[in-house]
Amino acid sequence: MIDLEGAMAAARAAAATARLDAPPNPWVGAVVLDDLGEVLATGATAAPGGPHAEVAALRAAGARARGATLVVTLEPCAHTGRTPPCVEAIEAAGVARVVVGVTDPDPRVAGRGLAHLRAAGVEVVEGVGAPAVADQLAAYLTHRRTGRPYVVGKVAATLDGMVAVADGTSQWITGEAARADAHRLRAESQAILVGAGTVRADDPRLTARLGERTYEPLRVVLGAAPAAARVRPCLERSGELGPILDELGALDVLQLLVEGGPRTLSAFVEAGLVDRLAWYVAPALAGPAGLPALVGLATPTMESLRRGRLVAVTRLGEDVRLDVEV
Ligand code: AOF
Ligand code: ZN
């Protein structure tokens with residue numbers, strides 16, 4: 001038997017399995033609970049065009065869904081998109097109670113899902129486990145609220161904040177586990193942006209190699225990429241960053257990974273356009289002749305210190321990943 005918070009954690013675990021294949025749709029998880037709080041079935045969002053999490057869970061529960069509680073990370077949809085409205089499937093299944101993590105800011109839903117359920121006599125409980133769900137769905141929620149991608153800045157630095165040593169080389173500051181994790185971060189992103197300097201220096205492939213599968217997020221180069229770079233095909237953009245984010249948002253990029261180098265990442269940080277830093281730290285020292293992770297941030301006084309919010313600490317082999325909202 002689990003309580004509603006525990007059931008929402010199970011729904012989040014189901015949602016995590018949909019993280020790579022659901023975009024540009026949200027990665028949602030759902031569980032069906034019986035009267036005693038036993039999990040009867042779980043479901044997660046299929047790739048676009050496939051069933052939403054609620055429908056997957058209800059199908060798995062079958063007739064046992066009648067009178068049951070459906071726990072779902074995101075407000076069920078009330079519109080006909082690529083699939084019929086989930087609220088109708090919930091009603092038809094005879095679900096007695098729906099427990100929701102966060103409401104859906106998508107203008108086609110935006111409260112209509114919950115209103116429809118209440119009007120149909122289904123009990124609705126909102127906001128269960130909301131902070132953790134909002135964190136899991138941050139990229140989706142940001143995209144639907146602002147039209148822009150959620151921007152993650154990635155850094156792999158030494159303990160003294162350097163991303164390359166004096167001779168300019170940076171392979172490999174962090175170990176295998178951290179690098180594998182960074183590939184996962186790439187796969188979760190629909191676009192990866194690097195500065196033209198990074199293309200010149202490292203010519204990164206910017207693909208995500210995860211086990212058998214290779215993900216190829218849209219590649220974006222800030223500035224003029226050298227003609228010979230392997231990084232093509234890519235979007236080359238320069239100028240104001242805001243309009244670049246608008247353009248990427250319109251291309252259904254929910255999450256943009258800014259991979260460097262230091263000037264590019266600093267430009268995003270200074271413009272206040274980074275939502276989260278994924279900061280890998282290796283227990284190594286490069287010395288002051290190295291290349292600092294960030295350049296050009298003017299913080300002459302304690303008042304100007306850029307203080308973020310630590311949201312996660314993950315040990316990856318000998319390295320650590322710090323997730324910081326800035
Ligand atoms: C999903 N999976 O589990 C939930 C979604 O065009 P469609 O039919 O694919 O619908 C996409 C919208 O449906 C999406 O933006 C969101 O507002 C809503 N909910 N979508 O793909 C799900 N619950
Ligand atoms: Zn739906």
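Laid out as a table, the results:
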quantity: Looking only at region 271-291, and only at residues there that are open to solvent by less than 50 Å² (accessible area, probe 1.4 Å) and not in a loop (DSSP other than H, G, I, E, B), the one that is farthest from Met162 (Cα to Cα); calculated: Arg276
quantity: When residues of region 72-87 are limited to those that are surrounded by 20 or more Cβ atoms within 10 Å (Cβ to Cβ) and part of a loop (DSSP other than H, G, I, E, B), the one nearest to ligand 1 (Cβ to nearest atom); calculated: Cys77
quantity: Yes/no for Arg59 being among the charged types (D, E, K, R), away from ligand 1 (no atom under 11 Å from the Cβ), open to solvent by 10 Å² or more (accessible area, probe 1.4 Å) and not in a loop (DSSP other than H, G, I, E, B); calculated: yes
quantity: Verdict on Leu248 being assigned to a helix (DSSP H, G or I) and modelled with pLDDT of 95 or more; calculated: yes
quantity: Boolean, Arg12 is at pLDDT 95 or above, among the basic types (Lys, Arg) and not in a loop (DSSP other than H, G, I, E, B); calculated: yes
quantity: Among (1) at pLDDT 90 or above; (2) open to solvent by 40 Å² or more (accessible area, probe 1.4 Å); (3) not acidic (Asp, Glu) - the single one Gly195 does not satisfy; calculated: (2)
quantity: Qualifying position, being in contact with a Lys or Arg (Cβ under 7 Å, 6 or more places away or on another chain), open to solvent by less than 20 Å² (accessible area, probe 1.4 Å) and within 13 Å of ligand 1 (Cβ to nearest atom), among Gly29, Gly43, Gly49; calculated: Gly29
quantity: Top-ranked residue of region 30-66 - restricted to ones that are among the hydrophobic types (A, V, I, L, M, F, W, C) and more than 25 Å from Arg19 (Cβ to Cβ), ranked as modelled with the lowest pLDDT; calculated: Leu36
quantity: Counted residues, region 300-326 - those being of a type in the set (A, V, I, L, M, F, W, C) and either in contact (Cβ under 8 Å) with a residue 24 or more places away in the chain or part of a loop (DSSP other than H, G, I, E, B) (or both); calculated: 7
quantity: Unmet requirement for Ala22, which otherwise passes all of (1) open to solvent by 20 Å² or more (accessible area, probe 1.4 Å); (2) within 23 Å of Ala139 (Cα to Cα); (3) in a loop (DSSP other than H, G, I, E, B); calculated: (1)
quantity: Tally of residues being more than 24 Å from the chain's Cα centre (by Cα) and in a loop (DSSP other than H, G, I, E, B) across region 145-174; calculated: 12
quantity: Any hit, region 99-108, residues being modelled with pLDDT of 95 or more and either away from ligand 2 (no atom under 15 Å from the Cβ) or not assigned by TED's automatic domain parsing to the domain that holds Ala15 (or both); calculated: yes
quantity: Scan of region 128-144 for residues that are away from ligand 1 (no atom under 15 Å from the Cβ) and of a type in the set (S, T, N, Q), ordered by number; calculated: none
quantity: Leu117 within 16 Å of ligand 2 (Cβ to nearest atom), in contact (Cβ under 8 Å) with a residue 24 or more places away in the chain, open to solvent by less than 30 Å² (accessible area, probe 1.4 Å) and touching a helix residue (DSSP H, G or I) at 6+ places or on another chain (Cβ under 7 Å); calculated: yes
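Residue-wise test of (1) more than 22 Å from the chain's Cα centre (by Cα); (2) free of Cβ contacts under 8 Å to residues at least 60 places away in the same chain; (3) away from ligand 2 (no atom under 14 Å from the Cβ).
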residue	(1), (2), (3)
Leu40	yes, yes, yes
Ala44	no, yes, no
Pro48	no, yes, no
Ala60	yes, yes, yes
Thr80	yes, yes, no
Cys86	yes, yes, no
Ala96	yes, yes, yes
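The values are calculated or read from the model by the stated rules, or taken from the named source; none is laboratory data. Everything numeric in this text was worked out from a predicted model, so none of it was measured. In this analysis, Cβ positions are derived from the backbone assuming ideal geometry, glycine residues included, and neighbour counts consider all displayed protein chains. Surface accessibility is based on the protein's heavy atoms, side chains included, excluding ligands, DNA and RNA. Shrake-Rupley method; radii C 1.70, N 1.55, O 1.52, S 1.80 Å.
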